[in-house]
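Taken together, the values in this text are just the output of simple stated rules run on the coordinates, not laboratory data. Keep in mind that this is a model prediction, so the values were computed, not measured. Every residue, glycine as well, gets a Cβ built from its backbone with ideal geometry; the counts of neighbours run over all protein chains shown.
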Amino acid sequence: MRPIYLDHHATTPVDPQVLAAMLPYFSAAFGNPGSAHAYGWEAEAAVEQAREIIAAAIAATPEEIIFTSGATEANNLALIGAAEANLSRGRHLVTIATEHSAVLAPCRYLESLGFELTVLPVQPDGLLDLMQLEQALRPDTILVSAMAANNEIGVLQPLAEIGARCRDRGILLHTDAAQALGKIPLDVEAMSIDLMSLTAHKLYGPKGIGALYVRRRQPRVQLAPQLRGGGQERGLRSGTLYPPQIVGFGKAVEISQAQMATEAARARGLRDRLWANLQVLPDIYRNGHPEQRLPSNLNVSIGGVDGSALLLGLRSVVALSSGSACASAGTAPSHVLTALGRSPTLAYASLRFGLGRNTTADQLESVAAAVITTVRSLRQARPAATPATTF
Ligand SMILES: *Cc1c(COP(=O)(O)O)cnc(C)c1O
């Protein structure tokens, strides 16, 4: 039997309804949406329907949605594209220490090209300090990139407050909403967001499809394309559109929007129960703000155990990771947890629980029992292990 899957921040299974919606577009309705004949129009109509659903979910218009291969590509297009297109306005960019590597790496790349980068620290609960943000903004700041929901600790940044401060100063706000879409309400108007990265596979859609929201009015965002070619997607992202994946993305968004409120309440209940159960262990700490976080996320650090031994001990019971899927092969402790002020030892000895739609109370009881047993036996095997670590 495979272990219980609690790694829904890494990816999710494709919903059967999503798969059913996608299937006709592989072979029966196989046309290129760019073709001016019946085959093309059929595919184009399906793509445009998905575009409308995705736009409506974030209070945007369909023309503001640019399909990409996922959130990584959307982040790269947003950051590098906006930096290149707004050189006349300045060379300064601002982001946050807990961002996904798909934001931090393009920012570092821009820095290597001569842009100036400010990486803001976070408070111990993972939230950005708005005063620090205000102090970082300069007349030559082009853009701020602040994620909606963190992929390790689930913390939700105060986007509306960040957006208001950027809008006042004519600075663009980009947000990586890969983990937030379909889980919490997103509104590009209410939050003054100019660019938003989205992906389908974190919300029961297929992998390899995402989108960038690009604001068209007040202000009209200028972007330099990063892929040049046939001029699809208003010239911002050339390449033949991928109708099965786009249709699946649309269906996944439709389902998630319809279920959002009930699923959030259900996940929150299960997640809080899991945390209550785990607290029978001494020297266990929750990472990130207790309320300002995704309802489906719990991230804990556990003192007195070796992080890799802990994951190894749990491997047959539960599939989870200690941090980002993209970083789990690395040897460095999570940059997110160290940004909260966790010691490297506690950052290593951390578990990220990502609950999903199919997660049950019974599964979480088994997982909590396995964590408790494993931690107790590891602590017994290492009586000399460092005692309760501060913070
Ligand atoms: C998963 C994830 C990404 C990468 O998305 P892909 O579609 O897999 O490229 C980027 N940012 C965050 C916050 C994520 O969780």
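What to note about this one:
- For the chain, the longest principal axis of the Cα atoms and the long axis of helix 243-278 meet at an angle of about 20 degrees.
- Restricting the stretch 234-293 to GluC sites (Glu not before Pro) in coil, as DSSP defines it, with at most 10 other Cβ within 10 Å: Glu291
- Residues considered: Ala148, Ala78, Ala381. Largest GNM mean-square fluctuation over the chain, using C-alpha springs under 10 Å, is found at Ala381.
- Peptides 7-13, 347-353 ordered by average Cβ neighbours within 10 Å, highest first: 347-353, 7-13
- Descending principal axes extents, the stretch 16-254, alpha-carbon based, whole Å: 56, 36, 29
- The chain: relative contact order as a whole-number percent, Cα under 8 Å and 6+ apart: 22 percent
- Rounded if a/c under 1.5, otherwise prolate or oblate - the stretch 90-133, Cα gyration tensor axes: oblate
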